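Before any comments, here is the structure.
The values are calculated or read from the model by the stated rules, or taken from the named source; none is laboratory data. On a predicted model such as this, the values are computed, not experimentally measured, just so you know. Don't worry about glycine lacking a Cβ; one is built from the backbone with ideal geometry, like all the others, and counts go over all protein chains shown. Heavy atoms of the whole protein, side chains included, go into the accessibility calculation; ligands, DNA and RNA do not. Shrake-Rupley method; radii C 1.70, N 1.55, O 1.52, S 1.80 Å.
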Amino acid sequence: MKIKSLHTNISIRSILRWLWRSSADNRLQAVLNTVIGLLETVVSLASVWAMKNAIDIASQQVGLQEQPVGGIPQSLRNDLLWAIAIMAGLILSTFALRVASVWVRNILGIKAQNRMQQRMLSRILHSQYQGRDALHSGDVLNRLEQDVATVVNFVAETLPDMLSVFTLFLGAFCYLFMLDYRLALAIVVLFPLFLLLSRLYVGRMRQLNRDVRESDSMVQSILQDSVQNRVLVKALESEDSLVDRLDDEHRILRKKVVKKTYFSVFSNVVVSMGFASGYLVAFGWSAFRLAAGTLTYGGMTAFLQLVNRIQGPARNLARMVPKFVSVFTAAERLMMFEDIPMEEEKAPQLLEGRCGVEFRDVSFAYADEPDKVIFSHFSFNFRPGTCTAIMGRTGAGKTTLIRMILALLSPVSGNVYIYNKVERKEASPSTRCNIIYVPQGNTLLSGTIRDNLLLGNVDATEAEMYEALRMACADFVDALPDGIDTIVTENGGGLSEGQAQRLCIARALLRKSSLMILDEATSALDEGTERQLLKNLFENRSRTVIFITHRPAVLKYCDAHVEIDR
């Protein structure tokens, strides 16, 4: 897939617009988290008032109507019990809101993440094939997993948290301002400087975070390559070499993480010293007022709690800065998928009867190598009901020719047509419904044999599946303990290459199409099995067959052959 370099300086405004569009599936969770957060803010501020009220009652500064001779007066006892009951209710409310928050996060959060992953995967699968993959599949998976999780958590949780944190800060400031406006102003006087430093922090942290994510993707790519090709690695005795390569990438990643951590720790120390100084000022101020008799015990407690509720949100906002940096990086990496042009979406154009393919004066070169011409004014007609072998040396353009029939690639000039006796359609994504394609190599997916067969036709009956297996000479499935419900691992683990190849052919045969393309589809078969398979495929000439092969023995089954050379 063609994607721009990660070092695209996408503006923050563009990222925020993209985040808003991407939040459509997360807004219910975001609204619920916002409501819960605001209720937690109300309960938190009410708890400050409740504690102040209880302490003042207990110290007989509030609600005391008479001095007792012994014990506690009934009126004071009743006021104190009510104050304790209010505090108990607020504590229970806090517990209930926390449970609700966890429920929303765990239940709705995973749904939101799943939907975004599905949307991103759908975009990748429906995008135009460019012929050269700019991203390793490990990097793509890293984006679909970690970057999607980062974006969803930010939209559904971080933004609502930020709103509730700001509300708590504003409410605590107003409450403290009513109690002592001088102290309230003194506590927040450093905030403009804090905002300026945050702006500088975001710019530097964004670059550091981007560097770490790039290295993390490279590590995942090495891990994926090593695991997927472990048989090759063992055959080449390259185990230590790959482990050393991973160690090199780990060292690079660690250096970037250390650099990011140094910067983060230094910034946090500076911010924490500012907060500590503010709290010390509030403590000293309230202590002097208490000594002067202008502040009650409950009032001092309220002062210190309110300062915490002002500084706590400020600390949380500071902690959210790295989350903003992370989501900007994640959004950039996901937005790059949107640079991939999408395939044209039209209703399938299924042609009746046997189809043919005609190349008419076709020229082709890849966009990144325009001077390296693959085809120049190529013309050929694969007539309906015929079998044609395509031969040529490796790299001559055989696979490119097939990709043009599949409309994965488009000619630079000329046309490719799919046609029958009555109509002719230019090759496009909507004409793929006419094609059965068996790619080169083992392309089985993990799951059961049934799962793999149904990829060819989700509506296939059991009888149709067994008929396809017979046609593909895959009768060995009958002898397996679980038949077509036998589980195969990634890339057909547990089966021989020849068995996996025959299952891939059976899967393709379940498509109700008349144009069949076999790309070295019998390379792992012995001569006798290949002969029987070809006999089955060609026995009634109901299909047009295009056979890419290096085996001259296949030519005797074909009506014509095309030699491709550059």
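With all protein chains in place and ligands, DNA and RNA left out, the 1.4 Å accessible area ranks V458, V155 as V458, V155, largest first.
Calculated FRET efficiency, S59 to I91, Cβ-Cβ distance, R0 = 30 Å: about 0.90 to the nearest 0.05. Legend: residue pairs K346/K425; K425/K556; K425/K535, Cα-Cα distance threshold 20 Å; pairs beyond threshold, K425/K556; K425/K535. Restricting region 367-434 to trypsin sites (Lys or Arg not before Pro) that sit in a DSSP loop and have at most 10 other Cβ atoms within 10 Å of their own Cβ leaves K372. Annotation: V269 carries an accessible surface of approximately 70 Å², with a 1.4 Å probe and no ligand, DNA or RNA atoms counted. Neighbours of G414, meaning other residues whose beta-carbon lies under 9 angstrom from its beta-carbon, give a summed charge of 0 when Lys and Arg score +1 and Asp and Glu score -1. Its residue count N sets the reference 2.2 N^0.38 Å, and the alpha-carbon radius of gyration of region 477-523 equals 1.27 times that reference. Can you give the percent of C-alpha pairs in region 71-171 whose distance is more than 16 Å? Of all Cα-Cα pairs in region 71-171, 74 percent lie more than 16 Å apart.
The residues of region 363-498 have, on average, 47 Å² of accessible surface per residue, using a 1.4 Å probe with all protein chains present.
All alpha carbon pair distances within region 467-552 were sorted into 10 Å bins beginning at 0; the resulting P(r) in whole percents reads 16, 52, 27, 5.
Once the Cβ-Cβ distance of H550 and I12 is raised to the sixth power relative to R0 = 56 Å, the FRET efficiency obtained is 0.55. Applying 0.36 nm per residue to the separation of A291 and R403 and subtracting their alpha-carbon distance, the gain on full extension is 31.7 nm.
If R0 is taken as 45 Å, the Cβ-Cβ distance between F476 and S137 corresponds to a FRET efficiency of 0.90. With contacts taken as Cα pairs under 8 Å at a separation of at least 6 residues, the chain carries a relative contact order of 16 percent.
Working from label points 7 Å from Cα in the Cα-to-Cβ sense, the L179 to D565 distance is 9.2 nm.
Solvent-accessible area assigned to carbon and sulfur over region 420-566 amounts to 50 percent, based on a 1.4 Å probe. Taking a sphere under 12 Å around the Cβ of M120 and counting the other residues whose Cβ falls inside, with K and R at +1 and D and E at -1, yields a net charge of +1.
Helices of the chain meeting both criteria, an alpha-carbon length of 27 angstrom or more along the long axis and an average Kyte-Doolittle score not below 1.6, with helices taken as full DSSP H segments, are 159-179.
From its DSSP helices (H runs of at least four residues, each -39,500 (n - 2.57)), the chain gives a residue-normalised ellipticity at 222 nm of -19500 deg cm²/dmol.
Can you give me the C-alpha center-to-center distance between region 331-406 and region 494-566, rounded to a whole angstrom? Here the answer is 20 Å between Cα centres. Counted by Cβ distance under 12 Å from I36, the other residues give a net charge of -1, where Lys and Arg count +1 and Asp and Glu count -1.
For the chain, the normalised intensity computed at q = 0.07 Å⁻¹ comes to -0.64 (log10 of I(q)/I(0), Debye sum over alpha carbons, equal scatterers, no solvent). Extension gain, D361-I110: 0.36 nm per intervening residue step, less the Cα-Cα distance, totals 85.2 nm. With 10 Å bins beginning at zero, the pair-distance distribution over Cα atoms of region 345-501 amounts to 9, 30, 29, 24, 7, 0 %. Label-to-label distance for W82 and V219 is 6.0 nm, based on points extended 7 Å past Cα in the beta-carbon direction.
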